[in-house]
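Asker: Below is one structure. I have some questions about it.
Values in this text are rule-based calculations from the coordinates and carry no lab data. As the structure is a computational prediction, the values presented were derived from the model and not from experiment. Neighbour counts are summed over all protein chains in view; Cβ atoms, including those assigned to glycine, are modelled from backbone coordinates with ideal geometry.
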Amino acid sequence: MNDRPRILITEKIADAGVDVLRAVGDVDVELKWSADELAERIAPYDALVVRSATRVTAALIVAAPRLKVVGRAGTGVDNVDVPAATKRGIIVVNAAGSNAVSAAEHAIALMLAQARNIPQAHAALVDGRWERSKFGGIEVTGKTLGVIGFGNIGRLVAERAMGLGMRVVAYDPFVADARYREMGVEQADSLDDLYPECDFITLHVASTPETRGFINADALGKMRDGVRIINDARGDLIVEADLVAAIGSGKVAGAAIDVFPEEPATESPYFGVEGIIVTPHLGASTGEAQERAGAACAEQVAAALTGGVVTSAVNIPVVSAETMATVGPFLPLAGHLGRLAAGMAGRITDSIEVICEGEIAKHDTRLLVTAVLAGALTGHTVESVNMVNAADRARERGIEWSDSATTVARDYTSRLKVRIGDVSVAGTTVGSTARPRLVEVLGQSIEMELAEHVGILRYADKPGKIGTVGTVIAGQGINIASMAVGRSLEGEATMGVTVDTPVPPETQAAIADGADAEVWFVELDV
């Protein structure tokens, strides 16, 4: 009887990756199966290896009773229903970091292509026009490059730019100060500080509610005249119409775009605009990146099938049933508290402190610490952040963390507290479904269930403040779902509020002005 695992590959990966898998199991490579055929035939397989085209849905997972591991030969796992896989105990692995060098080099290539008008000159010449004077360019040596997003790819871009003799200024509020100093890169305190300094600006941030469309008319207006933009990160970071208008007015000299809000993109406001170079999402499209992705994914799948060490799983690692019974219900809360604290702090340049109190402190709390790190970094890195890689992502950014545990939890069976800089938040869970509940903010006791859209205000405890907040929010057509207030003997109050829809920045500013308050609104994945 053959007890070797059966492995199905549905999209082309590097031959080296296929060889790795053949060493541990029987491999079938089926590149032409439709979604229906895959669902009909997947039942006998122990492992499935895909790239981006195959959709691993909850229904497909149900149709695969033997499946133990899904491998994604790339970084993103948007095409895999990770929660459904986790529920079934299926490990999902990817090839984290496999395309970083290629993406960084493509950003540099786009910058140089802009500086020397290479695509335009090529198109003119093959069209029979010799126009040397029209396509004179600029040198990059001695120019300033602004790097927005100083994660793995951003740092690789900075290294290469400095090798070209450029001055590099970077902004990323979730990278430790020491990382900038180590590389000799200047650290901008804010985007507003970075914009006017730069001849070129390259984007390397994730797409989040805070970053979508952040390169807009207002931001472009703060930039140096003649700036050139590079984007091979996410297509929705830039308001397309605003960039086109800025190029038309001469404010922006050019742009190089590799990513689009909707892909594949066969129509775009960018197409045909003089001064804009476009490529069809080629950032990771190198033989080396694809080779690394296929081989790295295959090694992880092989490790999962043979009981080896899996280092790039994107779902929750296995812990004892006893620990998970107590700690598991607090994992979502830990992520929410990490995200809330990071959102309020605005940046993490030093350390994160996690304090476990009560019953949860009697168990292995490393998962809780990891969940806090994942929550704090989510949305602030180009690379995906999850329970498995959060610690590595924090280390890459020079962020340290500490944790402590005490079996005493004042007023609660268990309580979890997170501190980032001057910001501290604490919470617990309530009910049979372990609903996440906020119980302390900025040292003030407050009782409020967490929700998707959370606002925190700190102000002098005087009459009329609650009414002002309610009036401003309601005046924008935003419904308040809940509100809670904590008060101190020193005359300071802290308010927590949840609303049904996001609160735009101008409304937040109106609240701050009307109530004379510090205001933070944070989006949580509740």
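Asker: Amide H of VAL278 versus every other amide H placed in the peptide plane: which residues, excluding those fewer than 5 positions away on the same chain, fall under 5 Å?
Answerer: Answer set, sorted by chain and number: ILE257.
Asker: Moving on. Applying the Karplus parametrisation 6.51 cos²θ - 1.76 cosθ + 1.60 with θ = phi - 60° to the phi angles of the stretch 99-107, what ³J(HN,Hα) value in whole Hz is obtained for each residue in order, glycine and proline being reported as x?
Answerer: 9, 4, 5, 5, 5, 5, 5, 5, 4
Asker: Return a single number: how many Lys pairs in the chain, at a sequence separation of 8 or more or on separate chains, have alpha-carbon atoms below 29 angstrom apart.
Answerer: So the count works out to 17.
Asker: Stretch ARG366-ASP403 to full length: gain in nm at 0.36 nm per residue minus the Cα-Cα span?
Answerer: Answer, rounded to one decimal: 12.4 nm.
Asker: For the stretch 219-342, compute the orientation-averaged projected area of the C-alpha convex hull (one quarter of its surface), in nm².
Answerer: 12.4 nm²
Asker: Binned at 5 Å from 0, what are the whole-percent values of the Cα-Cα distance distribution for the stretch 453-521, short to long?
Answerer: Calculated over all Cα pairs of the stretch 453-521, the distribution is 4, 18, 34, 27, 12, 4, 1 percent.
Asker: In the chain, with Lys and Arg counted as +1 and Asp and Glu as -1 at Cβ, which of these residues, ALA391, SER312, ALA342, has the Cα nearest the positive end of the dipole, that is, farthest along it?
Answerer: SER312
Asker: Classify the chain as rounded, prolate or oblate, taking a ≥ b ≥ c as the square roots of the eigenvalues of its Cα gyration tensor: rounded when a/c is under 1.5, otherwise prolate if a/b is larger than b/c and oblate if not.
Answerer: Taking the square roots of the gyration eigenvalues as a ≥ b ≥ c, the chain is oblate.
Asker: For the stretch 361-371, just list the computed ³J(HN,Hα) in residue order, Karplus coefficients 6.51, -1.76 and 1.60, θ = phi - 60°, integers in Hz, with x standing in for Gly and Pro.
Answerer: 6, 7, 10, 5, 9, 4, 5, 5, 4, 4, 5
Asker: Over all Cα pairs of the stretch 223-279, how is the pair count split among 10 Å bins, expressed in % and running from 0 up to the last occupied bin?
Answerer: Pair shares across the bins are 24, 61, 14, 0.
Asker: Quick one: order HIS380, HIS204, HIS281 by neighbouring beta-carbon count within 10 Å, fewest to most.
Answerer: Fewest to most other Cβ atoms nearby, the residues stand as HIS281, HIS380, HIS204.
Asker: Using the Karplus curve 6.51 cos²θ - 1.76 cosθ + 1.60 with θ = phi - 60°, work out ³J(HN,Hα) for each residue of the stretch 158-171 in order, rounded to whole Hz, and write x for Gly and Pro.
Answerer: Per-residue couplings from phi come out as 4, 4, 5, 5, 5, x, 8, x, 9, 7, 10, 10, 10, 9 Hz.
Asker: Still on this structure, please answer the following. Dipole of the stretch 277-420, Cα-centred, from +1 at each Lys and Arg C-beta and -1 at each Asp and Glu C-beta, to the nearest 20 debye?
Answerer: Once rounded to the nearest 20, the dipole reads 380 debye.
Asker: Write down the radius of gyration of the stretch 168-235 and its Dmax, each obtained from C-alpha positions, in Å.
Answerer: 12.2, 34
Asker: I've got another one for you. Taking the dipole about the Cα centre of the stretch 2-95, with the C-beta of Lys and Arg at +1 and of Asp and Glu at -1, give me whichever of ALA14, ALA63, VAL29 is farthest to the positive side.
Answerer: ALA63
Asker: Relative contact order, percent, of the chain when contacts are C-alpha pairs under 8 Å separated by at least 6 residues?
Answerer: 12 percent
Asker: Which value, in debye to the nearest 20, describes the size of the charge dipole of the chain about its Cα centre when Lys and Arg Cβ atoms bear +1, Asp and Glu Cβ atoms bear -1, and nothing else is charged?
Answerer: So the dipole magnitude of the chain works out to roughly 600 debye.
Asker: Shifting gears a bit: Normalised by the residues of the stretch 100-278, what does the relative contact order come to in percent, with Cα pairs under 8 Å and at least six apart?
Answerer: Relative contact order for the stretch 100-278 comes out at 19 percent.
Asker: Running Debye on the stretch 59-113 with equal point scatterers at the Cα sites and no solvent, what base-10 log of I(q)/I(0) appears at q = 0.25 Å⁻¹?
Answerer: After summing over all Cα pairs, the log10 values are -0.95.
Asker: Something else: Which number do you get for Rg(Cα) / (2.2 N^0.38 Å) in the stretch 379-526?
Answerer: 1.15
Asker: Using the crude model of +1 on Lys and Arg Cβ and -1 on Asp and Glu Cβ, and no other charge, please compute the dipole size for the stretch 87-215 relative to its Cα centre, in debye to 20.
Answerer: The calculated dipole for the stretch 87-215 is roughly 580 debye.
Asker: If amide H atoms are built 1.01 Å from N in the plane of the peptide, which residues on other chains or at least 5 residues away come under 5 Å of the amide H of ALA14?
Answerer: Correct list: GLY294, ALA295.
Asker: Could you give me the radius of gyration and the Dmax of the stretch 317-441, taking only the C-alpha atoms into account and expressing both in angstrom?
Answerer: Computed over the Cα atoms of the stretch 317-441, radius of gyration and Dmax are 13.5, 40 Å.
Asker: Quick one: grab Rg to one decimal and Dmax as a whole number for the stretch 1-159, Cα atoms only, in Å.
Answerer: Taking only Cα atoms of the stretch 1-159, I get Rg and Dmax of 22.6, 75 Å.
Asker: Further question: Which one of SER404, LEU377, PRO436 has its Cα pushed farthest toward the positive end of the charge dipole of the stretch 317-441, where Lys and Arg give +1 and Asp and Glu give -1 at the Cβ?
Answerer: The one lying farthest along the dipole's positive direction is PRO436.
Asker: With a 10 Å radius around each residue's Cβ, average the other Cβ atoms per peptide and rank 494-500, 398-404, highest first.
Answerer: The most tightly packed comes first, giving 494-500, 398-404.
Asker: Can you list residues whose amide H is under 5 Å from SER414's amide H, if they're 5+ apart or on another chain and H is modeled 1.01 Å from N?
Answerer: GLU359
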